[in-house]
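**Student:** I have a structure I would like to understand better, so I am pasting it below and will then ask my questions one at a time.
Values quoted throughout were computed directly from the atomic coordinates according to the rules given, and no laboratory measurement underlies them. Bear in mind the structure is a predicted one, so any value in this text is a computation, not a measurement. Neighbour counts run over all protein chains shown; Cβ positions are idealised from the backbone, glycine included.
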Amino acid sequence: MNKRHKGIQAKQERAGWIYLMPATILLVVMSFYPIIQAFITSFRTGPSSRMKWASPLIWNYTRMFQDKLFIRSVSNTFLYLLIQVPIMLVLAMVLAQMLNDKDLKFKGFFRTCVFLPCATSLVSYSLIFKSLFATQGLMNHILTGLGILKENYNFLGTPGSAKAVIIIALLWRWTGYNMVFYLAGLQGIEYSVYEAAKIDGANSWQTFWDITVPLLRPTIIMTFIMSINGTLQLFDESVNLTSGGPANSTITMSHYIYNNSFGQGVANFGYASAMSFFVFVLVAVLAFINLKVGDTRD
Amino acid sequence: MIKKNRSMVQRRLIPTYIFLGIVSFLSVFPLYWMATAATNSTVEVARGKIIFGTQLANNMQKLLASQDLWGAMTNSFIYALAQTIVALFVCSLAGFGFELYHDKQKDRLFGILLLSMMVPGVATMIPLFKMMSTFGFLNTVWGFMLPAISTAFLIMMFRQNSRSFPVDIMEAARIDGVSEFGIYWRMYLPVMKATYAAAAVITFMNAWNAYLWPRVVMTSKDAQTMPMLIANLAAGYSVDYGVLMLGVLFCSVPTMVIFFILQKQFAEGITGAVK
């Protein structure tokens, strides 16, 4: 009897591990192994068919920080990050607060509308915005029609406005996405908590800072990490909305790395790997800082 | 008295209605415009026409003449469907194992697997490309989906949701002689239907919309997906906006349909792992 029981337990033990195996093996082979491989390749140089060790070994990394175009792609990416992410998250929070009002009518309608952009693919919306902001596009028609512009403006052909269009497009696509997180978080807060605050004489601003923000902290950190992660990997928009142009003024890190590995011209897997490893370190460090800053449990 | 109160509340909300109205309009308008442009000629689009026109058939003809639309649609459907089915099976099995058979070692392993969320797609693209070409997986459904099947996000989602699974009935089932896999297949799977639905929606959408990796691994024209096809449409020197927006419309319809039918599951799928 005892023996049989042990047999059953061993079977259970084995089953538990077997269940984990396919997912674990795939993640190791498709994620952990490649990142180590990328790190090794980042010390090599030459065309992909006959690569050799770089000398000095860190050559690709030295080159990276002298490469004006790479530095521009980094600063572009950070520009998108620093301007777009805060605006988007604040807007998402405002919308979520509004939609969580118990007296609001047509809630479902508003929520569906704001959420709808998430259903379009990144390539699709990039192309829609590219067309809307084309020199002969609808935006120019509206702005000249209203008398704001005298003549059609080449939005995507001018560095400053091209960046602005990318930021506007990103806001359009991702605000509703983040709102869904906040809305889910807000709906988890008991209404009685707010009632109690009201009785204690707190105004709505105080209620927001002293009740809502602390309770939503994990969600807010989560959205921050996801947005940083996503922005650092921006690719589809840079490729399809502006093609990185004009003259590479809007190119992102991922786009530049892609061009160096699979774009036109000579593929340089060693150099591209060094840059991509740099992106990996950035993502990891920023996520770590975010978790540390957010984790101020008193 | 109550009536008056209600109208006062609604009056307070007037700025909210206006703001939400504007945001809703701005959210929907680009998609409405895309749909109208698909029915207009490129000249009409450039003239700023924003109502539906009569050029749909014409645009369709041009689109079919320049691109293998049905081929790309079929590819996208097959790849996305295959990825969804396999990813759901692999990740739910792992989530089930991590939560309901958990011990210290498994928890540690889970922590390590979570680190994969930090690995950006662009960093693994070159080694994965080499791997896929070594195995002859370029331009195949395997090349498309293998890197995307197992994700920490989906495993976490199934793990979190497994907490509500009644552990007691597992013991009861074991006593009744149900095998370990039988517990997963005949008990866990039906109970977790809602989680599977949410996971399926989000996985299908991600697979359908994927662009960077498919562009790397699907090098042949016959293997291209819808996002790649519409990117090609826009790449030429003279872009026909009517035809381009019709392509975008085709690329968006499946995900839009899913969105409207399964919005709740989609929202749950997005936020699925945070609980």
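**Student:** Counting Lys +1, Arg +1, Asp -1, Glu -1, what net charge surrounds A:Ala196 among other residues with beta carbon under 14 Å of its beta carbon? Provide the component values of the computation, followed by the final result.
**Tutor:** Numbers: positive: A:Lys198; negative: A:Glu190, A:Glu195, A:Asp200, A:Asp210.
Counting the neighbours of A:Ala196, the net charge comes to -3.
**Student:** Using DSSP H assignments, which helices in chain A have an axial alpha-carbon span of 24 Å or above and a mean Kyte-Doolittle hydropathy of 1.0 or higher? Write out the running numbers ahead of the final one.
**Tutor:** Numbers: long enough: A:2-27 (38 Å, -0.42); A:68-99 (45 Å, 1.61); A:159-187 (42 Å, 0.86); A:213-232 (27 Å, 1.29); A:269-294 (37 Å, 1.88).
The answer, listed by residue number, is A:68-99, A:213-232, A:269-294.
**Student:** Pop out the ³J(HN,Hα) list for region B:165-172 in order, Karplus 6.51 cos²θ - 1.76 cosθ + 1.60 with θ = phi - 60°, rounded to Hz; leave Gly and Pro as x.
**Tutor:** 6, x, 5, 4, 6, 5, 4, 4
**Student:** Further question on the same structure: Describe numerically, in nm with one decimal, the distance between label points set 7 Å from Cα along Cα→Cβ at A:Glu190 and at A:Val28.
**Tutor:** Going by the 7 Å Cα→Cβ label model, 4.7 nm.
**Student:** Quick one: check the C-alpha center-to-center distance for region B:39-85 versus region B:137-203, whole angstrom.
**Tutor:** 36
**Student:** With a cut-off of 8 Å between alpha carbons and a minimum separation of six or more residues, what is the relative contact order of chain A in percent? Walk me through the numbers on the way to the answer.
**Tutor:** Numbers: 294 pairs, mean separation 86.6, N = 298.
RCO, chain A: 29 percent.
**Student:** Then there is this: Among B:Ala200, B:Ser164, B:Gln224, pick out the residue whose Cα is farthest towards the positive end of the charge dipole of region B:62-271, where Lys and Arg carry +1 and Asp and Glu carry -1 on C-beta, about the Cα centre.
**Tutor:** Toward the positive end, the furthest listed residue is B:Gln224.
**Student:** Grab the DSSP H runs of the protein assembly as shown that are 4 residues or longer, score each as -39,500 (n - 2.57), total them, divide by all residues and round the 222 nm result to the nearest 500 deg cm²/dmol.
**Tutor:** Computed mean residue ellipticity for the protein assembly as shown: -22500 deg cm²/dmol.
**Student:** A follow-up question, please. At most 15 other Cβ atoms within 10 Å plus a DSSP loop assignment makes a site exposed; report the longest stretch of chain A without any exposed trypsin sites (Lys or Arg not before Pro).
**Tutor:** Numbers: sites that count: A:Lys102, A:Lys105, A:Lys150, A:Arg297.
It runs A:151-296.
**Student:** Compute the orientation-averaged projected area for region A:67-294 from the convex hull of its Cα atoms and round it to one decimal in nm².
**Tutor:** So the mean shadow area of the Cα hull is 15.5 nm².
**Student:** Related question: If a/c stays under 1.5 just call it rounded; otherwise compare a/b with b/c (prolate if a/b is bigger, oblate if not). Do that for chain B, with a ≥ b ≥ c from the square roots of the Cα gyration tensor eigenvalues. Walk me through the numbers before you get to the answer.
**Tutor:** Numbers: a/c = 2.47, a/b = 1.27, b/c = 1.94.
The shape class here is oblate.
**Student:** Please work out whether region A:90-200 counts as rounded, prolate or oblate from its C-alpha gyration tensor, where a ≥ b ≥ c are the square roots of the eigenvalues and a/c under 1.5 means rounded, while otherwise a/b larger than b/c means prolate and anything else oblate? Show your work: numbers first, answer last.
**Tutor:** On the way: a/c = 2.98, a/b = 2.45, b/c = 1.22.
Prolate is the answer for region A:90-200, as a/c is 1.5 or above and a/b outweighs b/c.
**Student:** If you don't mind, there's one more thing I want to ask. Output the 0 to 90 degree angle, nearest 10, between the alpha-carbon long axis of helix B:121-134 and the longest principal axis computed from the alpha carbons of chain B.
**Tutor:** 80
**Student:** Quote the charge dipole size of chain B about the Cα centre in Debye, to the nearest 20; the model charges only the Cβ of Lys and Arg (+1) and of Asp and Glu (-1). Let's see the in-between values first.
**Tutor:** Values: 21 positive and 12 negative charges, 226 e Å.
Using Cβ point charges on Lys, Arg, Asp and Glu, chain B gives about 1080 debye.
**Student:** Please identify the longest segment of chain B free of exposed chymotrypsin sites (Phe, Trp or Tyr not before Pro), where exposed means a DSSP state other than H, G, I, E or B and no more than 16 other Cβ atoms within 10 Å.
**Tutor:** Values: sites that count: B:Phe52, B:Phe135, B:Tyr237.
The reported range is B:136-236.
**Student:** Which of the three applies to region B:2-54, rounded, prolate or oblate, going by the alpha-carbon gyration tensor with a ≥ b ≥ c and a/c under 1.5 meaning rounded? Mind dumping the intermediate values first?
**Tutor:** Details: a/c = 5.25, a/b = 4.12, b/c = 1.28.
Prolate, since a/c reaches 1.5 and a/b exceeds b/c.
**Student:** Separate question: Taking the alpha-carbon centroid of each part, what is the distance from region A:92-154 to region A:250-274 in angstrom?
**Tutor:** 32
**Student:** Rounding to the nearest 10 and keeping the result within 0 to 90°, find how far the Cα-based axis of helix B:226-235 lies from the longest principal axis of chain B.
**Tutor:** 30
**Student:** Can you give the charge dipole size of chain A about its Cα centre, rounded to the nearest 20 debye, using +1 on the beta carbon of Lys and Arg and -1 on the beta carbon of Asp and Glu?
**Tutor:** On the way: 23 positive and 13 negative charges, 231 e Å.
Its charge dipole is roughly 1100 debye.
**Student:** Pairing the Cα long axis of helix B:69-100 with the longest principal axis of chain B, what angle in degrees results, from 0 to 90 and rounded to the nearest 10?
**Tutor:** 30
**Student:** Next up: Distance between Cα centroids, region A:42-67 to region A:72-91: provide it in whole Å.
**Tutor:** 30
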